[in-house]
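Structure record follows, encoded as structure tokens.
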């Protein structure tokens, strides 16, 4: 009996260790971790310079997820974090209303402090949303433009959130979202080869879980990637008409491609799916790689309207 009890004890200890590696809730995790690393900004100039730096880390991202061109619009930034894109909406557009929502109250406080440096045509509003709750405290048709950048792939209730987006979207309104792109160098080169084969990281778990651990820290509770047809189908189930606009590639991916592309193709242990993707790459006159005519980057952008 003592031997059996000891076996059960050590089995539970191993299980608790594995669970402890991913112990944070979404709210806890994103209160600890955000896109500015809790940086504070003392001046409008410093805030704008950081916005510019951040956007230049992803080619063509500003075109796919524009912060300008929203004059007179009622804008919702869902998952605004510490207010990064809200700065752009105030600086480069003249919205009639600007609302930021996030599960992290810490991030909302940081956003409020940062946005105080950027007076605009309206006073920004900051509203907390509960993790796992899809209910948004707005009347039907309240917003002309809904923006969600790098957020929905971290949520446990994606379709329900999109259904709420549809409800609060005004007639003729638009939704643009960025979620992680499965057909990317990040997935097929960085996770599949650099981490799992070259560096021997996360070799004993699935590719999906290895991807989760690779993007926003190993303890990030949820991080998914999608093929375009998969994400558009989810939008359709929520009653939205969507189109895939393209992808932005990160400078990190470009650097990895330069360093590891040929090495990965030469490695016999790289599974066929990933080798086929790397072999399919073509390049534009700036050397940006694409697969199937789509930039092979991690940031996939979609536009939705009500059906």
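Some notes on this structure:
- Cα gyration tensor category, rounded, prolate or oblate, for region 108-148 with a/c compared to 1.5: oblate
- Candidates 53, 30, 186: whichever shows maximal mean-square fluctuation once the chain is modelled as a Gaussian network with Cα springs under 10 Å: 53
- Neighbour-count order for 24, 126, 89, 231, fewest beta carbons within 10 angstrom listed first: 24, 126, 231, 89
- Pairwise Cα separations in region 56-113 fall into 10 Å bins from 0 onward with the following percentages, short to long: 24, 50, 26, 0.
- Whether region 61-152 is rounded, prolate or oblate, judged on the alpha carbon gyration tensor where a/c under 1.5 counts as rounded: rounded
- Set of region 130-171 residues, backbone N closer than 14 Å to the point 7 Å along the Cα-Cβ line of residue 241: 171
- Across the alpha-carbon atoms of the chain, the computed radius of gyration and Dmax are 20.9, 73 angstrom.
- Fewest-first ranking of 103, 197, using other Cβ atoms within 10 Å as the exposure measure: 197, 103
- Inter-part distance where region 141-206 and region 63-89 are each reduced to a Cα centre, Å: 17
- Cα-based shape type of region 243-298, given that a ≥ b ≥ c are square roots of the gyration tensor eigenvalues and the cut on a/c is 1.5: prolate
- This ranking places 29, 193 by how few other beta-carbon atoms lie within 10 Å of each, fewest first, which gives 29, 193.
Each value in this text was obtained by applying a stated rule to the coordinates, not by laboratory testing. Nothing here was measured: the structure is a model prediction, and the numbers come from that model. Counting neighbours? That spans all protein chains shown, and the Cβs are built from the backbone with ideal geometry, glycine included.
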